[in-house]
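Beneath this line is the structure, given in structure tokens, with notes to follow.
Every number here is computed from the coordinates shown, using simple stated rules; none is lab data. Everything numeric here is computed off the predicted structure, so don't read it as measured data. Note that each Cβ is placed from the backbone with ideal geometry, even for glycine, and that neighbours are counted across all protein chains shown.
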Amino acid sequence: AQKITQTQPGMFVQEKEAVTLDCTYDTSDPSYGLFWYKQPSSGEMIFLIYQGSYDQQNATEGRYSLNFQKARKSANLVISASQLGDSAMYFCAMRELNTGNQFYFGTGTSLTVIP
Amino acid sequence: DTEVTQTPKHLVMGMTNKKSLKCEQHMGHRAMYWYKQKAKKPPELMFVYSYEKLSINESVPSRFSPECPNSSLLNLHLHALQPEDSALYLCASSQVPPRETQYFGPGTRLLVL
């Protein structure tokens, strides 16, 4: 089974609008971390936001927020007030805290911001 | 400072060449990683070093040889590569897992002719 599922291969959003990128995960480990990365066409993977499985509140970092619904095993990324520079590939990832060093990446969502 | 540097940015090599990719971080991280990424795909883990010792080798062919000379440096030695090895090679580092965020370098775009 896929550990991380991103069902939106491509998304479009109007500049200044908000957009939600979906991510669901599968784990039996009660302790895990969820991450979102942005990868522009230049190639660098840029860390955006982290959510721990025991965190009571949804994580926020500037224009990025993580809509964490533990019972549904979803960790959607919300980008508010989209900018042209937000056009990139976005990857959701998970690390299971009790099983070592590996990150599990989703297949990614390509976001295009339209002027 | 959350910077991981990688050199070179681009590399073109023939199938008989020997080359090395370099990665450096000065964040005091004790875990370092090599990933391979094909276009429009997620990164695939190749190797993990923890406290300068190889802890994970994801069944990578022996034509890829990692080396961790010290806690700040990670090398990937390449020899007799195949055209299908052309990809973006990403280095990352983190505090020793399991909780910590991985920080990635800008990558090396490798083309094997």
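Starting from the stretch A:1-42, pick out the trypsin sites (Lys or Arg not before Pro) whose DSSP state is loop and whose Cβ has at most 13 other Cβ atoms within 10 Å. Can you show the working numbers first?
Working: sites: A:3, A:16, A:38; in loops: A:3, A:16.
When the trypsin sites (Lys or Arg not before Pro) of the stretch A:1-42 are filtered for loop state and at most 13 Cβ neighbours within 10 Å, A:16 remain.
I'd like the Kirkwood hydrodynamic radius of the protein assembly as shown, using the inverse of the mean 1/r over distinct C-alpha pairs, in Å. For the protein assembly as shown, the Kirkwood estimate is 18.2 Å. Based on Cα atoms of the stretch A:15-94, Rg over Rh with Rh as the Kirkwood radius reads 0.97. Only Lys, Arg, Asp and Glu carry charge here, each on its Cβ (+1 for the first two, -1 for the last two); on that basis chain A has a dipole of about 140 debye about its Cα centre. Cys residues of the protein assembly as shown that find no other Cys beta carbon under 4.7 Å: B:68. Considering amide H positions built from the backbone, and no H for Pro or chain starts, which residues 5 or more places from residue A:76, or on another chain, come under 5 Å of its amide H? Residues meeting the criterion, in which the H sits 1.01 Å from N, are A:23, A:67, A:69. Scalar couplings 3J(HN,Hα) for the stretch A:46-59, obtained by applying the Karplus form with A = 6.51, B = -1.76, C = 1.60 to θ = phi - 60°, are 9, 5, 10, 6, 10, 9, x, 5, 9, 5, 7, 10, 5, 6 Hz; x denotes Gly and Pro. Under a Gaussian network description of chain A, with springs only between Cα atoms under 10 Å, the residue in A:93, A:75, A:59 that fluctuates furthest is A:59. Note on chain A: GNM, Cα springs under 10 Å; of A:14, A:56, A:39, the largest mean-square fluctuation is that of A:56.
Going highest first, how would you order A:42-54, B:62-74 by mean Cβ packing within 10 Å? Don't skip to the answer; put the middle values down first.
On the way: A:42-54: 17.8, B:62-74: 15.3.
For the peptides A:42-54, B:62-74, the packing ranking is A:42-54, B:62-74.
Please tell me the relative contact order of chain A in percent, rounded to the nearest whole number, where contacts are Cα pairs under 8 Å and at least six residues apart.
Working: 289 pairs, mean separation 43.0, N = 115.
Here the relative contact order equals 37 percent.
Loop-located trypsin sites (Lys or Arg not before Pro) in the stretch B:1-56 (DSSP state not H, G, I, E or B) with no more than 13 neighbouring Cβ atoms inside 10 Å: B:9, B:38, B:40.
Measure out, as a whole number of angstrom, how far apart the alpha-carbon centroids of the stretch B:26-65 and the stretch A:38-93 sit. About 23 Å separates the Cα centre of the stretch B:26-65 from the one of the stretch A:38-93. Residues in the stretch A:66-75 carry Karplus couplings, in order, of 10, 8, 9, 10, 5, 5, 8, 6, 10, 9 Hz; the curve used is 6.51 cos²θ - 1.76 cosθ + 1.60 with θ = phi - 60°, and Gly or Pro positions show x.
Evaluate the charge dipole of chain B about its Cα centre and quote only its size in Debye, nearest 20, assuming +1 on the Cβ of each Lys and Arg and -1 on the Cβ of each Asp and Glu. Please list the in-between numbers first.
Numbers: 13 positive and 10 negative charges, 62 e Å.
Magnitude of the dipole: close to 300 debye.
Pairs over the 21 Å Cα-Cα cut-off, from the set A:38/B:38; A:73/B:36; B:19/B:41; A:3/B:41: A:73/B:36; B:19/B:41.
Mind checking A:105-113 for the average number of partner chain beta-carbons within 10 Å of each residue's beta-carbon?
Details: counts 7, 1, 3, 4, 0, 1, 0, 0, 0.
Per residue, the average neighbour count from other chains is 2.
Diagonalising the gyration tensor over the Cα atoms of the stretch A:1-58 and scaling each eigenvalue by 5 before taking the square root yields semi-axes of 24, 14, 14 Å, largest first.
What is the mean number of Cβ atoms from other protein chains located within 10 Å of the Cβ atom of each residue in peptide B:48-55, rounded to a whole number?
Numbers: counts 4, 1, 2, 0, 0, 0, 0, 2.
Taking the mean over all residues of the peptide, I get 1.
Distances between placed amide hydrogens fall under 5 Å for residue B:15 paired with B:113, all partners being 5 or more residues away or on another chain. Under 5 Å between amide hydrogens, built in the peptide plane, is the criterion, and for residue B:100 it picks out nothing among residues at least 5 positions away or on other chains.
Summarise the partner chain shielding of A:84-92 as one whole number: the mean count of Cβ atoms from other chains within 10 Å of each residue's Cβ. Don't jump to the answer; show the numbers that get you there.
Details: counts 0, 0, 0, 0, 0, 3, 0, 2, 1.
For this peptide, the per-residue mean of nearby foreign Cβ atoms is 1.
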